[in-house]
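Enquirer: Sending over a structure as structure tokens; questions will come in a sec.
The values are calculated or read from the model by the stated rules, or taken from the named source; none is laboratory data. Here the structure is a predicted model, which is why all the values come from computation and not from measurement. All Cβ positions, glycine included, derive from the backbone under ideal geometry; neighbour counts span all protein chains shown. Surface areas here come from the heavy atoms of the whole protein model, side chains and all, with no ligands, DNA or RNA. Shrake-Rupley method; radii C 1.70, N 1.55, O 1.52, S 1.80 Å.
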Amino acid sequence: MGTPAESAPSTPQPFDQMLGIVANYWVSRAVYAGTALGLPDLVAAGPKTAAELAELTGSEPRSLSRLLRALTGVGLFRTDEQGRYATTPLGDTVRSDVPGSLGSLVQLELGDAHHAAWGRLVDSVRLGEPGFDKAVGRDIWQHFEATPELNAHLGRAMTGGTAMVADAVLAAYDFAPFGSIVDVGGGEGAFLAAILTAHPGARGTVLDLPGAVANGRPKVEAAGLADRLELVAGSFFEKVPGGADLYTMKWVLHDWDDQACIEILKTTRRAMPEGARLLVVDTVVPDGDDFSLSKILDLNMMVLSGGQERTAEEFRALLAAAGFTLTRIVPTASPSSVVEAVPAP
């Protein structure tokens, strides 16, 4: 029987902790490289040797072996008895053929443009401006419009991320009282589709830019929701469809600074009839010194678009400035919470 000192896990020393933080950056870049090469999909089709994967990806064999070894060490792959690389549950999350895939999120958030923007974090902190604009030469929305491949990753990333959070939101908030729903900035319609699937008596409308709407229509039809879910092209700075019982905004406000958010909220407020409610699905930054993913996501929004994640009090003030009263914040099993508001008298 070991002594307490022998059996107790050792606490990492500060230098070891800092080395681990540095290594996390290297790990994320390795995951990006492996996903960009399509390794998760290739391995999912059947176990393969490093040499086979090198041939399939057009890679230098020894270099690919080193990447595979590193990714296996962090759990993305495993080796079988023949030394072939095989899939794992962690690696499955970035396969392109799984529901809710995070593969496009990896390509988007760890790709060259976002990587360059994070390289301007010091500038963003000093100047209070997005680093993306300086790193890439145009703002992030212009870059998406001009880069079809990246824009496609954005659509798939939002759809994959929505699949992750929709169940958590549905479990935490009761949508049964609402017969008509407008999802403002709802992308390709995945979030509203999940709500309508869970509540067959409801109907809904998604408002987003023309590209997102065009990509979403075939998916809505495939889900059998074409008769209950309408996709409308437009700008939430100009006009929002009116007359619904409930208005939702998932991962919209965190993209924008306070002034832009107030404009979006005011446009939505004008569309809402008496008795309608607003749900904002975003992360809520907690008080205190403990780690929260929301605090890191906040930095991501700062360097990419000049947006931010907000505390409960910041949400309260933002909503009040646009004519809303915050009624409650409902946590979910995901990093996102449901911020509920009603039009102020």
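Enquirer: So with the 1.4 Å probe, I'd like the accessible area per residue for the chain, rounded to whole Å².
Expert: Per-residue accessible area for the chain comes out at 51 Å².
Enquirer: In a Debye calculation with equal point scatterers on the alpha-carbon sites of region 118-276 and no solvent, what is log10 I(q)/I(0) at q = 0.08, 0.09, 0.11, 0.17 Å⁻¹?
Expert: Taken in order of the listed q values, log10 I(q)/I(0) reads -0.26, -0.33, -0.48, -1.06.
Enquirer: Give the peptides 99-111, 177-189, 12-24 in descending order of average Cβ contacts within 10 Å, highest first.
Expert: Output ranking for 99-111, 177-189, 12-24: 177-189, 99-111, 12-24.
Enquirer: Let me ask you something else. Note down the magnitude of the dipole of the chain about its Cα centre, charges +1 on Lys and Arg C-beta and -1 on Asp and Glu C-beta and zero elsewhere, to the nearest 20 debye.
Expert: My answer is approximately 280 debye.
Enquirer: Still on this structure, please answer the following. Can you list residues whose amide H is under 5 Å from VAL338's amide H, if they're 5+ apart or on another chain and H is modeled 1.01 Å from N?
Expert: Result for VAL338 returns VAL330, THR332.
Enquirer: Go through PHE315, ALA271, SER305 and say which Cα lies farthest out towards the positive end of the charge dipole of region 209-324; charges sit on Cβ, +1 for Lys and Arg, -1 for Asp and Glu.
Expert: It is ALA271.
Enquirer: Here's another thing I want to ask about it. Using only the alpha carbon atoms of region 195-284, find the Kirkwood hydrodynamic radius as the inverse mean reciprocal pair distance, in angstroms to one decimal. Please list the in-between numbers first.
Expert: Values: mean 1/r = 0.0709 Å⁻¹.
In region 195-284 this quantity evaluates to 14.1 Å.
Enquirer: Considering only protein heavy atoms and a probe of 1.4 Å, how much of the accessible area of the chain is carbon and sulfur, as a whole percent?
Expert: Summing carbon and sulfur atoms, their accessible area is 57 percent of the total for the chain.
Enquirer: If you don't mind, there's one more thing I want to ask. Mind listing the phi-derived Karplus ³J(HN,Hα) values for region 266-279, rounded to whole Hz, using 6.51, -1.76 and 1.60 with θ = phi - 60°, and x for any glycine or proline?
Expert: Once θ is set to phi - 60°, the couplings for region 266-279 become 5, 4, 5, 4, 5, 7, 8, x, 4, x, 6, 10, 10, 10 Hz.
Enquirer: Still on this structure, I have one more. What is the packing order of peptides 255-262, 130-137, taking the mean over residues of other C-beta atoms within 10 Å and listing the highest first? Let's see the in-between values first.
Expert: Values: 255-262: 16.9, 130-137: 19.6.
Highest-to-lowest ranking by the protection proxy: 130-137, 255-262.
Enquirer: Would you mind computing the Rg to Rh ratio of the chain from its alpha-carbon coordinates, Kirkwood style for Rh?
Expert: Here Rg/Rh amounts to 1.01.
Enquirer: Angle between the Cα long axis of helix 293-304 and the longest principal axis of the chain, 0 to 90 degrees, nearest 10?
Expert: 80 degrees
Enquirer: Which lysines does LYS239 reach when only Cα atoms under 24 Å apart count, and residues fewer than 8 places away in its own chain are ignored?
Expert: Result set, ordered by chain and number: LYS250, LYS266.
Enquirer: Also, quick follow-up: If packing is taken as the mean number of other Cβ atoms within 10 Å per residue, what is the order of 198-209, 233-244, highest first?
Expert: 198-209, 233-244
Enquirer: Would you list, by chain and number, the lysines whose Cα falls below 26 Å from the Cα of LYS134, excluding same-chain residues fewer than 8 positions away?
Expert: LYS295
Enquirer: Over all pairs of distinct alpha carbons, what does the Kirkwood formula give as the hydrodynamic radius of region 31-171, in Å?
Expert: That comes to 16.7 Å for region 31-171.
Enquirer: Quick one: putting +1 on the C-beta of Lys and Arg, -1 on the C-beta of Asp and Glu, what dipole do you get for region 1-137 around its Cα centre, in Debye to the nearest 20? Spell out each step's value before the answer.
Expert: On the way: 11 positive and 15 negative charges, 41 e Å.
Around 200 debye, computed over region 1-137.
Enquirer: Per DSSP H run of n ≥ 4, the term is -39500 (n - 2.57); total these for the chain, divide by its residue number, and report the mean residue ellipticity at 222 nm rounded to 500 deg cm²/dmol.
Expert: Result for the chain: -15000 deg cm²/dmol, rounded to the nearest 500.
Enquirer: In debye to the nearest 20, how big a dipole does region 191-345 give about its Cα centre with +1 on each Lys and Arg Cβ and -1 on each Asp and Glu Cβ?
Expert: The dipole of region 191-345 has a size of about 560 debye.
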